[in-house]
Each structure stands twice: as structure tokens, then as C-alpha cells.
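K.L.:
Let me begin by handing over the structure; questions about it come next.
The values are calculated or read from the model by the stated rules, or taken from the named source; none is laboratory data. Quick caveat: nothing in here was measured; it's all calculated off a predicted structure. Cβ placement follows ideal geometry from the backbone for every residue including glycine, while neighbour counts extend to all protein chains displayed.
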Amino acid sequence: MRIQDSIALVTGGASGLGEATVRNIVKNGGKAAILDLSEEKGTLLAEELGENAVFFKTNVTSEEDVQHAIDSAIAQFGSINTVVNCAGIAVAEKTVGRNQAHCFDNFKKVIEINLIGTFNVIRLAAAHMVKNQPNQEGERGVIINTASVAAFDGQIGQAAYSASKGGVVGMTLPIARDLAKSGIRVMTIAPGLIETPLFASLSEEAKAALETQVPFPSRLGRPSEYAQLTQSIIENVMLNGETIRLDGAIRMAPR
Ligand SMILES: NC(=O)c1ccc[n+]([C@@H]2O[C@H](COP(=O)([O-])OP(=O)(O)OC[C@H]3O[C@@H](n4cnc5c(N)ncnc54)[C@H](O)[C@@H]3O)[C@@H](O)[C@H]2O)c1
């Protein structure tokens with residue numbers, strides 16, 4: 001699919017990787033609906049980008065919210081053919097910490113947002129995309145999810161986060177197979193360390209220590225590099241059913 005033909009739902013689109021993706025799609029002539037909990041940031045971004053961007057306050061775990069955002073995006077842009085799932089949260093908690101079991105609700109919350117929320121958006125968006133007119137390649141849509149290198153090398157304290165991201169990796173191929181007949185591709189990006197507001201609270205020393213762990217290039221990734229990969233996935237019709245690490249060859253140590 002050409003990037004200028006992309007009409008995208010971007011969850012978590014008000015910040016970090018999602019924001020960079022929204023900016024890149026609109027800069028290249030596509031359209032983007034920003035689905036995020038953060039009303040202030042989402043509204044500001046949509047206003048800045050003009051008529052090819054729109055914000056809908058959405059909790060990805062809510063069927064009602066997501067359905068409303070999809071219906072409104074279609075009313076505004078005519079259709080949707082791209083989903084980029086970036087909404088997500090991270091928690092750090094050990095299975096047993098200070099003689100207490102991992103908080104059960106914290107575990108469930110991370111799975112609910114990162115895994116179930118991602119699937120909620122995929123299923124509801126795909127139900128519309130199957131009705132699109134196919135392009136010359138027979139393509140009706142593309143779905144891009146965001147996992148993490150923690151899906152493969154989760155660190156101490158990442159049981160919940162790694163489980164949620166491992167779930168996203170695990171469902172990539174079966175959903176690609178489910179939707180193949182409709183010409184809808186499904187890909188997942190597993191980022192390493194990318195400099196987003198998630199890292200804002202880190203000291204310069206802590207940041208430098210992280211950077212030395214990245215073999216090459218030895219620095220944090222840029223959100224624009226994530227957005228660039230989403231563009232490659234949108235444009236390359238052979239990419240389907242796979243997870244791509246975007247990580248400068250980092251393999252996370254236990255801590
Ligand atoms: N930054 C990194 O190094 C990194 C590495 C690996 C994976 N990731 C993943 O990339 C994704 C984006 O991370 P980021 O660094 O841009 O973080 P971020 O905090 O800058 O952005 C996440 C956005 O998701 C939104 N959000 C959270 N819960 C939501 C919900 N229930 N419904 C709708 N929106 C919700 C937040 O409001 C926020 O705007 C996350 O899934 C994260 O786990 C990030």
C-alpha cells in the first residue's frame with residue numbers, strides 16, 4: 001500500500017512511537033485518527049496536523065470506545081485501511097517482592113491493555129477493513145502491532161509486561177492467517193530501547209548506561225526510526241505474519 005493512500009487508526013497516537021507514526025503518515029499524504037486516553041496531547045496534535053488528522057478519546061480495552069472511534073474515523077475519512085497499535089503501559093514488579101506475591105490486579109491490568117486492548121482494536125477494525133475495495137495487489141489493509149524485546153528477553157520484574165508482549169507476538173501469525181483471504185496483512189514490531197516519554201524520568205547516567213548495552217548503534221532509538229519501519233511495512237506487501245526486532249542488536253540482560 002502506498003503511504004499516501006494510508007488511512008490509519010493509531011492507538012497511543014498522542015505520544016512517543018504512536019505520535020511519530022501519526023506525524024509520518026500525515027507528512028507523507030496519508031490520514032490518521034489518533035486513539036488515545038490523553039485528551040490534551042491528542043487534541044493538540046490533531047489541531048497541529050490539520051484536516052488529515054483527528055483525535056478520538058479512546059480506551060483500547062473498551063469495545064464501545066473503539067467502535068465509536070472506528071465509526072467516527074470512517075465518517076470523517078471514508079474508510080480505514082491501516083491500524084498501528086501503540087497504546088501500552090509498562091509495570092515493573094517481581095513475582096515475589098519483599099515477601100509479597102506480585103499484585104494480581106497489576107498483572108491483569110497490563111495484559112488487559114497491552115494484549116487484550118490490541119486484539120480488541122484489531123478485531124473491530126478488521127471487521128471494517130474486510131469490506132474495503134482491494135488495491136491492485138488484492139490488499140484491503142495492514143495491521144501493525146507493537147510488542148517489545150521483552151517478549152523474548154524479559155528482565156527481572158517484567159513477568160506481566162513480557163507476558164503481554166509475548167501474547168502480541170504469538171497472535172501475529174494466526175491473525176495474519178485469519179485475515180489472509182481478505183488481503184489484510186498483520187505485522188508486529190518489537191522495539192528495543194527507544195527514547196520516548198517512557199524514558200523521560202531517567203538521569204543522564206542511567207541513560208548512558210543503557211546506551212552502552214546496545215551493540216550498534218550504541219544509543220537509544222529514535223521514535224522516527226519506529227515510524228520509518230511502520231512505513232516500510234505499510235509499503236511492502238510481502239511483509240506479513242512476522243515480528244521484526246528494532247533494537248540495534250541488544251539482548252537484554254536479566255537486570
Ligand atoms: N519506548 C520504548 O523503548 C519501547 C520499547 C518497547 C516497546 N514499547 C512499546 O511501544 C508502545 C508505545 O510506547 P511509547 O514509548 O511510545 O510510550 P508512551 O507512554 O509515550 O505512549 C503510550 C501512549 O499510549 C496511551 N495509552 C495507554 N493506555 C491506553 C489505553 N488503555 N487506551 C488508549 N491509549 C492508551 C498513553 O496515553 C500514551 O499516549 C507501548 O506499547 C510500549 O510498550 C516501547
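K.L.:
Which ones in the range 38-59 are β-branched (Val, Ile, Thr) and near the ligand (Cβ under 10 Å from one of its atoms)?
P.N.:
Correct list: Thr58 only.
K.L.:
Among the numbered criteria (1) touching a strand residue (DSSP E or B) at 6+ places or on another chain (Cβ under 6 Å); (2) part of a loop (DSSP other than H, G, I, E, B); (3) under 14 Å from Ala163 (Cα atoms), which one does Ile80 miss?
P.N.:
The number of the failed condition is (3).
K.L.:
Output the qualifying pairs, or none if there are none: Cβ atoms under 7 angstrom, residues six or more apart or on different chains, first residue in the range 64-76 and within 12 Å of Leu35 (Cβ to Cβ), second residue part of a helix (DSSP H, G or I) and not polar (S, T, N, Q).
P.N.:
Val66/Val121; Val66/Leu124; Gln67/Leu124; Ile70/Leu124; Ile70/Ala125; Ile70/His128
K.L.:
For Gly12, state whether it is closer than 29 Å to Phe107 by Cα and in contact with a Phe, Trp or Tyr (Cβ under 9 Å, 6 or more places away or on another chain).
P.N.:
It is false that Gly12 is closer than 29 Å to Phe107 by Cα and in contact with a Phe, Trp or Tyr (Cβ under 9 Å, 6 or more places away or on another chain).
K.L.:
Looking only at the range 65-94, which residues are of a type in the set (Val, Ile, Thr) and either within 12 Å of the ligand (Cβ to nearest atom) or under 18 Å from the mean Cα position of the chain (by Cα) (or both)?
P.N.:
Val66, Ile70, Ile80, Thr82, Val83, Val84, Ile89, Val91
K.L.:
Hey, which of the helices (runs of 4 or more DSSP H) in the range 159-255, taking only ones fully inside, have at least 1 residues that are among the aromatic types (Phe, Trp, Tyr)?
P.N.:
It comes to 159-179, 223-235.
K.L.:
Against the definition (crowded, with 16+ Cβ neighbours inside 10 Å and within 15 Å of the ligand (Cβ to nearest atom)), how does Asn106 come out, yes or no?
P.N.:
Here the answer is no, as Asn106 does not meet what is asked.
K.L.:
Return the pairs, sorted by first residue and then second, in which the second residue is of a type in the set (Ser, Thr, Tyr) and assigned to a helix (DSSP H, G or I), the first residue lies in the range 189-209 and is within 19 Å of Ala87 (Cβ to Cβ), the beta carbons are less than 9 Å apart, and the residues are 6+ apart or on different chains.
P.N.:
Between residues of the range 189-209 that are within 19 Å of Ala87 (Cβ to Cβ) and residues that are of a type in the set (Ser, Thr, Tyr) and assigned to a helix (DSSP H, G or I), the close pairs are Ile189/Tyr226; Ile189/Thr230; Pro191/Tyr226; Ile194/Tyr226; Thr196/Tyr226.
K.L.:
Can you tell me which of Leu37, Leu44, Leu9 is more than 16 Å from the chain's Cα centre (by Cα) and at pLDDT 95 or above?
P.N.:
One residue alone meets the criteria, Leu44.
K.L.:
Here's a follow-up. Taking the range 153-179 as the region of interest, how many residues are under 17 Å from the mean Cα position of the chain (by Cα) and surrounded by 17 or more Cβ atoms within 10 Å (Cβ to Cβ)?
P.N.:
Within the range 153-179, residues that are under 17 Å from the mean Cα position of the chain (by Cα) and surrounded by 17 or more Cβ atoms within 10 Å (Cβ to Cβ) number 13.
K.L.:
Could you list, in sequence order, the residues of the range 118-157 that are in a strand (DSSP E or B) and more than 11 Å from the ligand (Cβ to nearest atom)?
P.N.:
Across the range 118-157, the qualifying residues are Gly141, Val142, Ile143, Ile144.
K.L.:
Hey, another quick one. So, of the residues in the range 193-235 that are among the β-branched types (Val, Ile, Thr) and within 12 Å of the ligand (Cβ to nearest atom), which turns out to be nearest to the chain's Cα centre (by Cα)?
P.N.:
Looking at the filtered set, the residue picked out is Thr230.
K.L.:
Criterion first (among the polar types (S, T, N, Q), within 15 Å of the ligand (Cβ to nearest atom) and under 20 Å from Thr196 (Cβ atoms)) does Ser62 satisfy it?
P.N.:
In short, no.
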